[in-house]
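Scroll down for the structure; my scribbles are underneath it.
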Amino acid sequence: MAASPGQLRGSYPLARPRGLGLDDAARLCGVHPQTLRRFVALSLVDAARDRAGELRFGTDVPLRVARIQRLRRDLPLNYAAIGLVLDLLERIDRLEAELRHAREGGRPWT
């Protein structure tokens, strides 16, 4: 006997989850998934959890991980210091963008 719609249990997504899963993100970054989990735990990489509790990453994660690896390799910094350096680099990027915008007169192009 077929179950009525009210008796069906479970959920079926209507669309693919947004972002990259842990394994896909780790493969794109060239790191082990555990390394990516560690970066999330240290707040070096942002991730969200989907309904199933799995980590989901933005498409910018390979660039962020490459920056972390470069800082770790080229400078004698621990991961806490790397987090600070990353925050400062992002702030510099934002300030430079604001400066460029101000030099262009601050007018929108449309």
(message) Spelling out what I want: for every residue of the range 65-77, take phi, set θ = phi - 60°, compute 6.51 cos²θ - 1.76 cosθ + 1.60 (Karplus), and round to whole Hz; glycine and proline get x.
(response) 5, 4, 5, 4, 5, 5, 5, 5, 6, 8, 10, x, 10
(message) If you take every residue apart from residue 32 with its C-beta less than 15 Å away from the C-beta of residue 32, what net charge results, scoring Lys and Arg +1 and Asp and Glu -1?
(response) +2
(request) Sum up the charges of everything whose Cβ sits under 10 Å from the Cβ of residue 58, counting Lys and Arg as +1 and Asp and Glu as -1, but leave residue 58 out. (result) +1
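Values in this text are rule-based calculations from the coordinates and carry no lab data. This structure is a prediction, so every number in the text was calculated from the model and none was measured. Neighbour counts are summed over all protein chains in view; Cβ atoms, including those assigned to glycine, are modelled from backbone coordinates with ideal geometry.
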